[in-house]
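Beneath this line is the structure, given in structure tokens, with notes to follow.
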């Protein structure tokens, strides 16, 4: 369950599938991945498929997780007991 978005652009991609502002992002795939995240209640509920590449971030972001979308784009989020917070589409590389 998505509790909060990191920015309005991520929310807009989730609601419309329009990747405006994210050059090269597959908007439909991003919206599908955000739907999967919204349906999940915990990390364990996220698909184990290798195409998702669910992974924990490191360093100052060690409490956050990410899933792949396409190219350099990832959906990053912070798991909480109530769901997922600060959900954000980004190229963190």
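Rule-based calculations on the coordinates, nothing more; no lab input. Since the model is a prediction, treat every value here as computed from it, not as a measurement. Every residue, glycine as well, gets a Cβ built from its backbone with ideal geometry; the counts of neighbours run over all protein chains shown.
A few points about this structure:
- Using a simple spin-label model with pseudo-atoms 7 Å out from Cα toward Cβ, residue 47 and residue 63 lie 2.9 nm apart.
- Listed residues 31, 39, 66, most fluctuating in the chain (Gaussian network, C-alpha, under 10 Å): 39
- Ranked by the mean number of other Cβ atoms within 10 Å of their residues, highest first, the peptides 53-62, 78-87 come out as 78-87, 53-62.
- Length-normalised contact order for the chain - Cα pairs under 8 Å, 6+ apart - percent: 31
- Relative to the longest principal axis of the Cα atoms of the chain, the long axis of helix 27-39 lies at roughly 30 degrees.
- Dividing the convex hull volume of the alpha-carbon atoms in the chain by its residue count gives 89 Å³ per residue.
- Centroid-to-centroid, using Cα positions, the range 49-93 and the range 32-46 are 12 Å apart.
- Beta bridge orientation in the chain: antiparallel %, DSSP, nearest 5: 85
- Helix-only [θ]222 nm of the chain, DSSP H runs n ≥ 4, -39500 (n - 2.57) each, per residue, nearest 500: -7000 deg cm²/dmol
- Ranked packing of 15-22, 67-74, most packed first, by mean Cβ within 10 Å: 67-74, 15-22
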